[in-house]
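Down below is the structure, laid out as structure tokens.
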Amino acid sequence: MNLFLKTKNALIGDRNFYGKVFIIVFPIIIQNTVTNVVSLLDNVMVGRVGTLEMSAVAIVNQLIFVFALCIFGGLSGAGIFSAQYAGAKDNDGLRYCMRMKMYIGILMFLLSLFIFTVFSDNLICAYLAEDTPPEDAAKTLHFAKTYLSIMLVGLLPFTVAQVYSNSLREVGETRFPMIASVIAIVINLVFNYFLIFGKFGFPKLGVAGAAIATVISRYAEALVIVIYSHLKTPRYQFIKGLYRSFKIPFILCKKIIVSGLPLLVNEFLWSFGIAMMLQCYSVRSLSVVAAANISNTVQNLFNVAFISMGSAIAIMLGQVLGTGDKAKARDMCNKLLFVSVFVSIITAALMALLAKVIPEIYNTEPEVKKLAFEFLLVTAAIMPFNSYVHGCYFAIRSGGKTIITFLFDSFLMWSLNIPVAYILSNYTNLYITYVFLAVESIYIIKSIIAAILIKKGSWIRNIIN
């Protein structure tokens, strides 16, 4: 009985704790849910145009995903300091961090623009299996290049929106980034319908229409979030005077680079690793690419709860660590991780129940639907482990232990997940779903390592003093 009560007190918080979690995480959940629902609908719309078109969009979105996570990683270094400055109520520190984010974001945008422009053919062709019929390969390449060339126009507003949204979240303002994102998502959905299928007098543009709709929504989101932030400077005083000077104290700049570089490298290697695993699977056929695209889109929707909890963990632990209360940080970490895993078990069960039904809404071949169903079942089984690993990553990161997160995250991916995916896909005849299961099961190993790192507690530290 005493052991039960001790465990209950260690893992389950009081009403005040869950109130704080709800205030931070609920708007993020709403934002991510709406984003992924629209992504699913977008995917279905393109899928109704044809399998080749859907495969082309899936390939390009995988490349854009690498860019998006590099932006996330690049901004995260400054974000660690921002969360702790928010806890210490230091507006100057917050302002410096936001300037640093802007510099990093613009640099990442220019570098990505160069890579996607110069190496687009090579990047896209890497996903086309050797036995793909030449006509299908040529059409897929054409659709993908068309989609990518338009999507590049939306990279800059996406970067700016991320700088502002992340900065607001780190001070506890999660509601308005949600509103701005929902506005953009609705615009994206409406113009998807108009431009993909040529409705209400708009031209029927297929994959090009999907890209144009996304770009329009990116500019809308950036405008809304920037205008709101500067209109509310009395409330968010760190925004005031943001562009009066571009100075950042050298010591802080150095600290951000030292802490942030491993995160940037980690997010690049992790996102590139995800792209590489899809490339490994793609050697089997374009049907596998299409099925993986369906599975990824659906699982992103069901992953919303624990992905959003990762943001809450980073914000809440960062702010507590900024006050120097280490005991409270450890206790809060355990409770937040418990919430994340508990919710993921429920959503995993729901995804497993719907795994057979969802692929049927796509206008694609039976083989693609069958593989998508199997991939979703595997993902559901592994989701609780994935949730725990994700939460631990953000907990460790909140204390600035970015080298550890790099080794724990992308290093393990490149030393375990990718070799397993590559060897099994290329050198065995093992059924592709079993290959996918073997790769995803590595999350069980990572969850054990994560538990050891969290228990050790070396991540619990204040980095702004």
Next item on the list: Round to a whole angstrom and tell me the spacing of the C-alpha centers of the stretch 55-108 and the stretch 271-315.
Entry: 20
Note to self: Which chymotrypsin sites (Phe, Trp or Tyr not before Pro) in the stretch 198-238 sit in a loop by DSSP (not H, G, I, E or B) and have at most 14 other Cβ atoms within 10 Å of their own Cβ?
What the structure shows: Phe200
Check: So what's the angle, to the nearest 10 degrees on a 0 to 90 scale, between helix 175-197 and the longest Cα principal axis of the chain?
Finding: 10
Check: If you line up the Cα atoms of the chain on their principal axes, what length do they span on each, largest first, in Å?
Finding: 62, 58, 36
Notebook entry, point to check: Does anyone have the angle between helix 155-170 and the longest principal axis of the chain? Alpha-carbon axes, 0 to 90°, nearest 10?
Noted result: 30
Notebook entry, point to check: Just how far, in whole angstrom, is the stretch 137-153 from the stretch 323-390 if you go by their alpha carbon centroids?
Noted result: 31
Check: If the chain between Ile361 and Ala126 were fully stretched, how many nm would it gain, using 0.36 nm times the residue separation less the Cα-Cα distance?
Finding: 81.8 nm
Notebook entry, point to check: When the accessible area of the stretch 110-197 is computed with all protein chains present and a 1.4 Å probe, what percentage of it is carbon and sulfur?
Noted result: 70
Note to self: Rounding to the nearest 10 and keeping the result within 0 to 90°, find how far the Cα-based axis of helix 304-323 lies from the longest principal axis of the chain.
What the structure shows: 20
Notebook entry, point to check: What order do you get for 179-189, 307-317 when each peptide is scored by the mean count of other beta carbon atoms within 10 Å, highest first?
Noted result: 307-317, 179-189
Margin query: Order 212-218, 245-251 from most to least packed using the mean count of other Cβ atoms within 10 Å.
Written below: 212-218, 245-251
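Average projected area of the Cα convex hull of the stretch 261-346, in nm²?
Its Cα hull, projected and averaged over all orientations, spans 7.2 nm².
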Check: Accessible area per residue of the chain at 1.4 Å probe, in Å²?
Finding: 43
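The values are calculated or read from the model by the stated rules, or taken from the named source; none is laboratory data. Remember, predicted model here, so these are calculated numbers, not experimental data. Cβ: placed from backbone, ideal geometry, glycine included. Neighbour counts: every protein chain shown. Just so you know, the surface numbers come from the protein's heavy atoms only, side chains and all, with ligands and any DNA or RNA stripped out. Shrake-Rupley method; radii C 1.70, N 1.55, O 1.52, S 1.80 Å.
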